[in-house]
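Engineer: Provided herewith is a single structure, encoded as structure tokens, for subsequent inquiry.
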Amino acid sequence: MLRKNCRVCGKASYSASEHRSWLCPYCNTDLAKEKTMDVNSIELAQADEQSLAKLGLKNKSTRGKT
């Protein structure tokens, strides 16, 4: 299973195969040039951290903690 993160809305899109055309199912942004990640890879966790930071959100492990 493959995943790409949308640079516009920050949400993840999943697919079983990498096609030429890959649109974000949430905002319709073309994800064709975005980096493809295997859902089982360590870089996926790092990409999640970067996406949260871009959206101004805290790391999932620190949410709700003060």
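The values are calculated or read from the model by the stated rules, or taken from the named source; none is laboratory data. Just so you know, these numbers come straight off a predicted model, no measurement behind them. Glycine also receives a Cβ, built like all others from the backbone with ideal geometry; neighbour counts cover every protein chain displayed.
Engineer: For the range 5-42, how many residues meet the condition of being assigned to a loop (DSSP other than H, G, I, E, B) and aromatic (Phe, Trp, Tyr)? Step through it out loud before you land on a result.
Structural biologist: Kept after step one, since they are assigned to a loop (DSSP other than H, G, I, E, B), are these residues of the range 5-42: 6-11, 16-22, 24-29, 31-36, 39-41.
After this cut, where a residue has to be aromatic (Phe, Trp, Tyr) as well, the list is 22, 26.
Selection size over the range 5-42: 2.
Engineer: If you don't mind, another one. I'm checking my understanding of the structure. Among residues of the range 1-52 that are surrounded by fewer than 15 Cβ atoms within 10 Å (Cβ to Cβ) and of a type in the set (Ser, Thr, Tyr), which one is modelled with the highest pLDDT?
Structural biologist: Tyr26
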